[in-house]
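Structure record follows, encoded as structure tokens.
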Ligand code: NAD
Ligand code: UFG
């Protein structure tokens, strides 16, 4: 086991996972069309690891381009991050989302079959637990979605389940991420959203720098300890190491597994604001506004299965996540 194709490898989670893979001794080949990331991420990964990375600027829907990567390299396994992830945009442009996320994944799987590559680790999401399951979320709970983005994750999980039935030697692990935040502790890699961020921590980071005036807290009347939404925030480097553990598992097993990657601990919006104030030494002004459509009160993982099957547990707390996010923000005022 040596050479891993990382789709979406210049993106937020993919770039950090490249670092973890190289640290664990794997060779990494990255494919990304750079629609939501910068090629500079490759230079940053190389700076952190001191290793060269082969990069292909390829769209995963371009079958010929994807085949070329498999012809040039003997790929042992694929870690598949590439996809679009903006919930609101997916509601406005459902066909684009299905075409990119589902179409791209089908093309990738077809090429993997052609080249007899038997292992896929897929970026799924806690969003597949929908809005009716009780917390903590466990992998055997029914899945559903409330928007097209979420449905692409539910559907791709099903495609992988079906494929594992049809191809007995195939191994697929769907990792259900909770809320990834933070950055590599060097400050060289981090989250770099285009425009005004939708997600809490990138937004708070821009309030801390003064780029945005104040955080709008989406509701303080939820049934939670302080009334604000509770989520399971996970350090992106813990998440990255989870992929290395999933890969080791997949090498020794066939079939489909869905596995949560979370800490098992919930934090409220106000907990995050306070942790970010501690990390940055700056005041984060807030204003409570209406609930955001589609939000749920509470989401956190039962991380037992990841511990049992992968031997993986998180190591970083919310203060460290905010400190690393802040370091990246200060060191990269215009992003990567
Ligand atoms: P990201 O946007 O930073 O990374 C995704 C990468 O995929 C980008 O670099 C983008 O350029 C690339 N890409 C998109 N479409 C492509 C295509 N057709 N061909 C080639 N490259 C393409 O996002 P991220 O936060 O790193 O998320 C990675 C994966 O994890 C996504 O599948 C996302 O849905 C999933 N996920 C993310 C979160 C989160 O909160 N960040 C939570 C759950 C699941
Ligand atoms: N929030 C605010 N103000 C903001 C942004 C967010 O109060 O400006 C609150 C939200 O209401 C929620 C919490 O902060 O209570 C976290 O919101 P995020 O947008 O950061 O994250 P979500 O849990 O809504 O969703 C994220 C990804 C989804 C993914 C899900 C589970 O955006 O794609 O985590 O992994 F499916």
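Of interest is the spacing of the C-alpha centroids, which for region 160-210 and region 98-138 amounts to 14 Å.
Hydrodynamic estimate: the Kirkwood radius of the chain over Cα pairs, inserted into Stokes-Einstein at 20 °C and 1.002 mPa s, corresponds to D of 106 µm²/s. Among DSSP beta bridges lying fully in the chain, give the percent that are antiparallel, nearest 5. For the chain, the DSSP antiparallel bridge percentage is about 5. Over all distinct alpha-carbon pairs, what is the Kirkwood Rh of region 1-143 in angstrom? Hydrodynamic radius (Kirkwood, Cα only) of region 1-143 equals 16.1 Å.
Starting from the Cα gyration tensor of region 35-85, take the square roots of the eigenvalues, sort them a ≥ b ≥ c, and report rounded, prolate or oblate (rounded when a/c is under 1.5, otherwise prolate if a/b is larger than b/c, else oblate). Oblate is the answer for region 35-85, as a/c is 1.5 or above yet b/c matches or exceeds a/b. Scattering from region 59-137 was approximated by placing one identical point on each alpha carbon and applying the Debye formula without solvent; log10 I(q)/I(0) at 0.17, 0.27 1/Å stands at -0.76, -1.29. What shape does region 69-216 take by its C-alpha gyration tensor, where a ≥ b ≥ c are the square roots of the eigenvalues and a/c under 1.5 counts as rounded, a/b above b/c as prolate, and the rest as oblate? Because a/c hits 1.5 or more and a/b exceeds b/c, region 69-216 counts as prolate. Would you mind classifying region 232-336 by shape? Square roots of the alpha carbon gyration tensor eigenvalues, ordered a ≥ b ≥ c; an a/c under 1.5 is rounded, otherwise it is prolate if a/b is larger than b/c and oblate if not. Prolate, because a/c is 1.5 or more and a/b exceeds b/c.
Any read-out appearing in this document is the output of simple, stated calculations on the displayed coordinates, not a laboratory observation. Bear in mind the structure is a predicted one, so any value in this text is a computation, not a measurement.
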